[in-house]
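Written below as structure tokens is the structure these notes are about.
What follows is calculated from the coordinates using simple rules that are stated; it is not laboratory data. Treat the numbers as computed from the prediction; the structure is a model and nothing was measured. In this analysis, Cβ positions are derived from the backbone assuming ideal geometry, glycine residues included, and neighbour counts consider all displayed protein chains.
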Amino acid sequence: MPYFKFDVNLSEQDYLDYNKFWMIKSPYGKKQILNFRIILTVILGLISLLSLFGGKFSADAFIGIIPYLVLLVVFQLALNPIFVWVSKAHIKSLKKQGKMGYSPVSAIEFYENGFTETTPDNKTEQKYSSVERISVINNKVIYIHVNNIMSYILPFSCFDSKEQYTAFFQFIKTKCSKIDMY
């Protein structure tokens, strides 16, 4: 007999919100964006240095690197919105192909040693030891991260009441020590 059972109905917006969170706020996405920023800076820095060396550090060479520096600043400022736009485009593409990255309908049952998700297509079982972290977003949604790519999404709408949400939150805190509150 499960301690908790939730019927989860996810919308495309729920999935998009998860992807936005993953990209911009989660430790996984932040690390990926930081790495991208560093790589971008190194590449444009090397191109600028090569341009300066090729121009023998003349005034024209310094003027020639201005577009690279402007490009670097623009990309650094626009990186988060670019990643969100790419995520939206990817979700649209998956939807057109009929290969969504989530199941809109599932049932998740939480037991003493693990939990089970049942969708119309499959059934997965996870032990709590496989949970890397849990993210709670404004007490509106809980993301249970199994790894840096896969998470289970529990929107507040799947809870019958605030009391059930609180009871579940107290329960899940005993199963995973890494809980991030946003």
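Some observations on this one:
- Listed residues F156, I66, Y15: farthest to the positive end of the dipole of the chain (Cβ charges): I66
- Only Lys, Arg, Asp and Glu carry charge here, each on its Cβ (+1 for the first two, -1 for the last two); on that basis the chain has a dipole of about 460 debye about its Cα centre.
- Per-q log10 I(q)/I(0), the range 50-145, q = 0.17, 0.22 Å⁻¹ (Debye; single scatterer per alpha-carbon; no solvent): -0.98, -1.18
- Considered as an equivalent ellipsoid built on the Cα gyration tensor, the chain has semi-axes of 44, 17, 13 Å, the largest given first.
- M1/L94 FRET efficiency (R0 35 Å; Cβ-Cβ; nearest 0.05): 0.45
- Cut-off 17 Å (backbone N to label point 7 Å along Cα→Cβ of L46), residues of the range 55-80: 68-69, 72
- Rounded tilt (10° steps) of 12-24 against the dominant C-alpha axis of the chain: 50 degrees
- Our summary gives the chain a relative contact order of 24 percent, counting only alpha carbon pairs under 8 angstrom and 6 or more residues apart.
- When Rg and Dmax are taken over the Cα atoms of the range 17-97, they come to 16.9, 53 Å.
- Rounded to the nearest 20, the size of the Cβ-charge dipole of the range 17-97 about its Cα centre is 520 debye, with Lys and Arg at +1 and Asp and Glu at -1.
- Counting neighbouring Cβ atoms within 10 Å and putting the fewest first, the residues C176, C158 line up as C176, C158.
- Using the Cβ-Cβ distance between I24 and L69 with R0 set to 22 Å, the FRET efficiency works out to roughly 0.35.
- A DSSP coil position with no more than 16 other Cβ atoms inside 10 Å describes the following chymotrypsin sites (Phe, Trp or Tyr not before Pro) in the range 22-83: F57.
- Positive dipole terminus of the range 17-97, leading residue within S51, N35, L94 (C-beta point charges): L94
- Checking the Cα-Cα distances for K92/K178; K20/K99; K99/K175; K25/K88 against a 25 Å cut-off, the pairs over it are K92/K178; K99/K175.
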